[in-house]
């Protein structure tokens, strides 16, 4: 079972359709997630940049209303942006400064900033260490944790007052990241749904595209099957440029093989005809002995047989298939009439789709000889089982006669050994069957039937 599964899997992987679909799946399930990640990151960067611009705009609106009187900061109670006036709104403004210490001509300040003012929206405890102090006239945009929550911060350092009495300060506009996190979660969900739908659409398009692209190969497979089964003698379809040369060469090969086969049949027929006349003259001689007359008769019989074979199969070829069931039923019907005195019971089990990949005359020769021998040897029963699968076709003929001795079986299977002296009906026809089976790269096994106790012939033909 595992061996057949491996063979089936190997055949599937060797299929062009499987390769096309597998490569498409690989591209879709690798590229689309990468595209999704790129889009998500780009959208997040865009949103962060928008927030930076928003906070920058807020900072300039607040700087516009700052006043310094007598080195004292003066701020209005209410700001224009209402979120700065609502407690815990998520948008805050803070002013910080450093005390300037003069040492000679160098102005220095302490590292700890001091809080000057904050908007009404900021009620939580404020830690000035959480924010940066950019250089004067510079700004900084960054993230920091305030009250264990991530926030965006836009810091801008400015100075009010005169050169003799400067009033430096840094304005910090702070915004919670909750809105961005919720927005990104919803965006990623929508993006995931969109990419999943796009995957399904692309898979359907890829499947239909592969069917359309590989349709010529499917048509070629169907035509080859028809040629193999004998429904057609050549490929007649119109194929793409990449396949047209192959189909043309196949047609040339089929035509050449058929002509060669026909020449062989004609040569065999001519040889039989050319020998028939001298033998007829020899038979008319009165002085020939009885033994010589018998041998001439045997030679004449063989020639007649080969002549009939050449005439009946002259239009066949190796690639033409022959349905097995009608041939077997016709043979059994004839044998029942020939051996009606024995009242033989034929039991058949033939798979309907069984197709012999060879000449009809050869199939008639094989089945006819084996069934005729079985009728001669059988007492009352003959079983015929023929089945086909992916590995090939198997024929089993059994009878309830006395069987064949193992020593004779070994001699029969030796190439060149005549079988016409064997008893129980297994005569000269078995040598013909053996040669025909070998010509189709098949095998023949002769043994004793466990079911009927007589002879059992098992013939196997590769697919």
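A few notes on this one:
Residues checked against (1) surrounded by fewer than 16 Cβ atoms within 10 Å (Cβ to Cβ); (2) at pLDDT below 90:
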site	(1), (2)
328	no, no
336	yes, yes
347	yes, no
358	no, yes
398	no, no
401	no, yes
419	no, yes
422	no, yes
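- Which listed residue is in contact (Cβ under 8 Å) with a residue 24 or more places away in the chain and in contact with a helix residue (DSSP H, G or I) (Cβ under 6 Å, 6 or more places away or on another chain), from 399, 385: 399
- Where strands (runs of 3 or more DSSP E) fall wholly inside region 133-219, the ranges with 3 or more residues that are surrounded by fewer than 15 Cβ atoms within 10 Å (Cβ to Cβ) are 139-146, 149-161.
- Subset tally (residues that are within 59 Å of the chain's Cα centre (by Cα) and touching a residue at least 12 places away in the same chain (Cβ under 8 Å)) for region 272-298: 3
- Within region 335-363, restricting attention to residues that are in contact (Cβ under 8 Å) with a residue 40 or more places away in the chain and assigned to a helix (DSSP H, G or I), the residue that is farthest from residue 439 (Cα to Cα) is 335.
- Residue 285 being surrounded by fewer than 12 Cβ atoms within 10 Å (Cβ to Cβ) and in a helix (DSSP H, G or I): no
- Residues that are assigned to a helix (DSSP H, G or I) and touching a residue at least 40 places away in the same chain (Cβ under 8 Å) do occur in region 223-237.
- Candidates 350, 386, 382, 366, filtered to the one that is farther than 18 Å from residue 445 by Cα and in the same structural domain as residue 447 (by TED's automatic domain parsing): 350
The values are calculated or read from the model by the stated rules, or taken from the named source; none is laboratory data. As the structure is a computational prediction, the values presented were derived from the model and not from experiment. FYI the Cβ positions are ideal-geometry reconstructions off the backbone, even for glycines, and counts take in every protein chain you see.
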